[in-house]
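If you scroll down you'll find the structure; I have some questions about it.
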Amino acid sequence: DSGVTQTPKHLITATGQRVTLRCSPRSGDLSVYWYQQSLDQGLQFLIQYYNGEERAKGNILERFSAQQFPDLHSELNLSSLELGDSALYFCASSVRGDSQETQYFGPGTRLLVL
Amino acid sequence: QKEVEQDPGPLSVPEGAIVSLNCTYSNSAFQYFMWYRQYSRKGPELLMYTYSSGNKEDGRFTAQVDKSSKYISLFIRDSQPSDSATYLCAMRSGNTPLVFGKGTRLSVIA
């Protein structure tokens with residue numbers, strides 16, 4: 001158990017809908033990362049937050065947004081969902097978000113868009 | 001050309017075999033190299049971490065980085081059925097985001 005929690009574990013929804021994925025980092029970790037994992041693209045970095053502020057952005061679609069709250073939990077919002085958004089979404093956390101730190105991954109949320 | 005290339009396998013070996021997994025990359029700025037292990041329906045977990053070139057050993061696992069060839073390897077000695085998982089290489093330069101390979105699926109048969 002990495003100490004990172006994600007809810008829900010599974011999500012089934014329809015095209016055009018909006019969903020929110022939630023992540024609680026390990027105790028003491030200030031940095032949260034979101035990743036998308038699909039069979040064809042592999043694990044892709046979406047966005048990073050550090051202590052409530054956006055620190056880095058990757059291949060995140062404009063339909064997706066995220067935020068980190070004062071209690072350090074983070075939410076990833078996916079809107080106008082398309083079939084191609086079906087994937088595993090992982091959250092990871094680290095203490096400060098520095099390059100030499102280990103990122104600890106949560107168990108993921110499996111999203112299926114029908 | 002993708003930044004990080006990794007053969008997806010699957011790779012199937014008998015118990016006790018030496019396993020060699022590898023990745024190639026194109027960005028010469030990468031300095032930090034990692035191997036993650038991902039069991040089915042779980043999140044990736046860090047297995048090995050190497051800075052710049054060289055070897056690092058941890059128990060049955062050895063990570064090698066050859067920056068001149070832009071090639072990294074993970075060796076697993078005396079492989080066990082519990083090593084059956086997907087192995088992801090990952091790398092970064094400075095404080096840039098991690099770039100992952102697509103992963104190699106390994107099965108160790110008892």
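The values are calculated or read from the model by the stated rules, or taken from the named source; none is laboratory data. The shown structure was predicted, so the numbers you read here are calculated from the model rather than taken from an experiment. Cβ placement follows ideal geometry from the backbone for every residue including glycine, while neighbour counts extend to all protein chains displayed. Note: accessible area is taken over every heavy atom of the protein model, side chains too, but ligands, DNA and RNA are not part of it. Shrake-Rupley method; radii C 1.70, N 1.55, O 1.52, S 1.80 Å.
Within segment A:56-80, count every residue that is over 17 Å from A:Val32 (Cβ atoms) and buried (at least 21 other Cβ atoms within 10 Å of the Cβ).
Counting residues in segment A:56-80 that are over 17 Å from A:Val32 (Cβ atoms) and buried (at least 21 other Cβ atoms within 10 Å of the Cβ) gives 0.
Could you name every one of the strands (runs of 3 or more DSSP E) located completely within segment B:5-57 that has at least 2 residues being under 30 Å from A:Lys9 (Cα atoms), open to solvent by 40 Å² or more (accessible area, probe 1.4 Å) and more than 12 Å from chain A (Cβ to nearest Cβ)?
B:11-14
Scan segment A:89-114 for residues that are out of contact with any Asp or Glu (no Cβ under 6 Å at 6 or more places or on another chain) and either among the basic types (Lys, Arg) or open to solvent by 30 Å² or more (accessible area, probe 1.4 Å) (or both) and jot them down.
Result: A:Arg96, A:Asp98, A:Gln100, A:Thr102, A:Tyr104, A:Pro107, A:Arg110, A:Leu112, A:Leu114.
On to the next question. What are the pairs, 6+ residues apart or on separate chains, where a residue within segment A:81-92 that is among the aromatic types (Phe, Trp, Tyr) has its Cβ under 6 Å from a residue that is part of a helix (DSSP H, G or I)?
Partner pairs satisfying both residue conditions: none exist.
Now, a different point. Tell me, please, whether a residue that is within 14 Å of chain B (Cβ to nearest Cβ), more than 15 Å from the chain's Cα centre (by Cα) and open to solvent by 80 Å² or more (accessible area, probe 1.4 Å) can be found in segment A:23-39.
Yes, because at least one residue in segment A:23-39 is within 14 Å of chain B (Cβ to nearest Cβ), more than 15 Å from the chain's Cα centre (by Cα) and open to solvent by 80 Å² or more (accessible area, probe 1.4 Å).
Look at segment A:76-91 and say how many of its residues are assigned to a helix (DSSP H, G or I) and not charged (D, E, K, R). Can you show your working first?
Initially, segment A:76-91 is screened for residues assigned to a helix (DSSP H, G or I), giving A:83-85.
With the extra rule that they be not charged (D, E, K, R), the set shrinks to A:83-84.
So the answer is 2.
Can you find a residue in segment A:66-75 that is away from chain B (no Cβ under 14 Å), touching a residue at least 40 places away in the same chain (Cβ under 8 Å) and either within 17 Å of B:Gly43 (Cα to Cα) or assigned to a strand (DSSP E or B) (or both)?
Yes, there is a match, as at least one residue in segment A:66-75 is away from chain B (no Cβ under 14 Å), touching a residue at least 40 places away in the same chain (Cβ under 8 Å) and either within 17 Å of B:Gly43 (Cα to Cα) or assigned to a strand (DSSP E or B) (or both).
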